[in-house]
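Participant: The structure's right below; bear with me while I get my questions together.
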Amino acid sequence: MAASAASPAREAAPLPIFGLLAAMLSVQVGAVFAKSLFPIVGAQGTTMLRLVAGALMLAAVLRPWRVKPSRAVLPWLFAYGVTVSVMNLLFYAAIERVPLGICVALEFTGPLFVATLGSRRLLDLVWVALAVAGIMALSPFADVSRGLDPVGVLLALAAGGCWALYIIFAQKAGAALGAHTSAYGMAIAAVIALPFGLSAARPHLLDPHVLAVAAIVGLFSSALPFWLEMMVLTRIPAKVYGMLVCLEPALGALAGLLFLHESLTLLQCMGIAAVIAAAFGTAVTARQPMPSPAQGQVGRGEQPRQTTSGG
């Protein structure tokens, strides 16, 4: 009886909820700082610097060399790292062209569709239809007066597709390596991103300003949210977690408005709201926890929350 009485209190504890919200906000702040580097080193150079900084920080925290991957898990681990790199390259290229909140909402559809994949319930089809309606509202052709860059929209959707693959690969690799998967995956992703971003970043590698901002991006996009989520994942119910991470696109839109002065039309706000509502509905009605977009921001969190969620 004592244990069951303690459970609701634990579920209602505000501190883990604030920790998770802080982790989500941290990722958006990291994206804001990353965007400030685009005029100097470009999206690809920024991606490379972010992944290198994140890899170094996660290596310092997790010390992955203490857990060596087996030969059987190496293909999954490599696929995980490749997906992390490509997802970040696509996402940063997208936010160079499209407002942050819209990019987050479009990318969010990846784990949302994974959550409903294979479902035969009519209710899940309703959430998918709502998400598709949101995507249509965010399409370049929905508002001709303030049309979005179609390349940016496609890049964000492609990043969402990589996010969906990330969930699968993170589950496979994470089953053997646990939290160390993030450190190994980030290191692999950083190496893969080097050829894409090094030429743009090379002239600025000794620039203290660029290095400081890159470290801030690595901190806010990888190390800090990882640490916060590690603290809260064992203290918050999976369904509450799934509902809260649905706020991610709204936080992205808020960060874009406050720090980047990216205003959205009413139709675009409705599109973001439709994606959030679809994700929220999926989280509330899911038989299993919805794959977490919170972890999709790479290095952010542990493993998929189906084994737990998505990376």
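The values are calculated or read from the model by the stated rules, or taken from the named source; none is laboratory data. Note that this is a predicted model, so its numbers are computed, not measured. Please note: Cβ atoms are built from the backbone with ideal geometry, for glycine as well, and neighbour counts cover all protein chains shown. Accessible surface is based on the protein model in full, side chains and every heavy atom, while ligands, DNA and RNA are left aside. Shrake-Rupley method; radii C 1.70, N 1.55, O 1.52, S 1.80 Å.
Participant: Using helices alone, what [θ] at 222 nm do you get for the chain, with -39,500 (n - 2.57) per DSSP H run of 4 or more residues, divided over all residues and rounded to the nearest 500?
Facilitator: -25000 deg cm²/dmol
Participant: Sticking with this structure for a sec: Take the alpha-carbon positions of the range 126-234, form their convex hull, and give its projected area averaged over all directions (one quarter of the hull surface) in nm².
Facilitator: Mean orientational projected area (the range 126-234, Cα hull): 10.7 nm².
Participant: Now for a separate question. Suppose the Debye formula is applied to equal point scatterers at every Cα of the range 179-279; what is log10 I(q)/I(0) at q = 0.11, 0.15 Å⁻¹?
Facilitator: Evaluating at q = 0.11, 0.15 Å⁻¹ gives log10 I(q)/I(0) of -0.56, -0.97.
Participant: Note the direction-averaged projected area, equal to a quarter of the hull surface, for the Cα convex hull of the range 34-116, in nm².
Facilitator: Values: hull surface 28.5 nm².
Dividing the Cα hull surface by four gives the mean projection, 7.1 nm².
Participant: While we're on this one: Rounded to a whole number, what % of the accessible area of the chain do carbon and sulfur atoms account for, probe 1.4 Å?
Facilitator: 73
Participant: If you bin every alpha carbon distance in the range 61-193 into 5 Å steps from zero, what whole percent lands in each bin?
Facilitator: Result, from short to long distances: 2, 11, 17, 17, 16, 13, 11, 7, 4, 1, 0, 0 percent.
Participant: If you stretched the chain out fully between Val240 and Thr285, how much longer would it get, using 0.36 nm times the residue separation minus the C-alpha to C-alpha distance?
Facilitator: Values: separation 45, 0.36 × 45 = 16.20 nm, distance 1.17 nm.
Fully extending the segment from Val240 to Thr285 adds 15.0 nm.
Participant: Please list 238-246, 158-166, 104-112 highest first by mean number of surrounding beta-carbon atoms within 10 Å per residue.
Facilitator: Per-residue Cβ counts within 10 Å, averaged per peptide and sorted highest first, yield 104-112, 158-166, 238-246.
Participant: Calculate the FRET efficiency for Leu205 and Leu117 from the Cβ-Cβ distance with a Förster distance of 45 Å, rounded to the nearest 0.05.
Facilitator: Step by step, r from the Cβ atoms, then E = 0.60.
Participant: Straight-line reach from Lys172: which lysines fall under 29 Å, measuring Cα to Cα and dropping same-chain residues less than 8 apart?
Facilitator: List returned: Lys68, Lys239.
Participant: Students often check this: by mean Cβ neighbours within 10 Å, which of 25-31, 253-259, 123-129, 200-206 ranks highest, and how do the rest follow?
Facilitator: Result, highest mean Cβ count within 10 Å first: 25-31, 253-259, 123-129, 200-206.
Participant: Roughly how many Å² is the accessible area per residue of the chain, as a whole number, for a 1.4 Å probe?
Facilitator: Result: 43 Å² of accessible area for each residue.
Participant: Here's another thing I want to ask about it. Run the dipole for the chain about the Cα centre, Lys and Arg Cβ at +1, Asp and Glu Cβ at -1, nothing else charged, and hand back the magnitude in debye, nearest 20.
Facilitator: 840
Participant: Rounded to the nearest angstrom and ordered from largest down, what semi-axes does the equivalent ellipsoid of the range 207-259 get from its C-alpha gyration tensor (root of 5λ)?
Facilitator: Taking √(5λ) for each eigenvalue gives 27, 17, 5 Å, largest first.
Participant: Could you check how many percent of all C-alpha pairs in the chain are farther apart than 34 Å?
Facilitator: Working: 8292 of 48205 pairs.
In whole percent, the long-distance tail amounts to 17.
Participant: Over the alpha-carbon set of the range 111-173, divide Rg by the Kirkwood Rh and report the Rg/Rh ratio to two decimals.
Facilitator: 1.07
Participant: So, how do all the Cα-to-Cα distances of the range 16-82 break down into 5 Å bins, in percent, from 0 on up?
Facilitator: Taking every Cα pair in the range 16-82, the percentages come to 3, 13, 13, 19, 18, 16, 12, 4, 0.
Participant: What is the Cα centroid distance between the range 200-225 and the range 124-173, reported in whole angstrom?
Facilitator: 28
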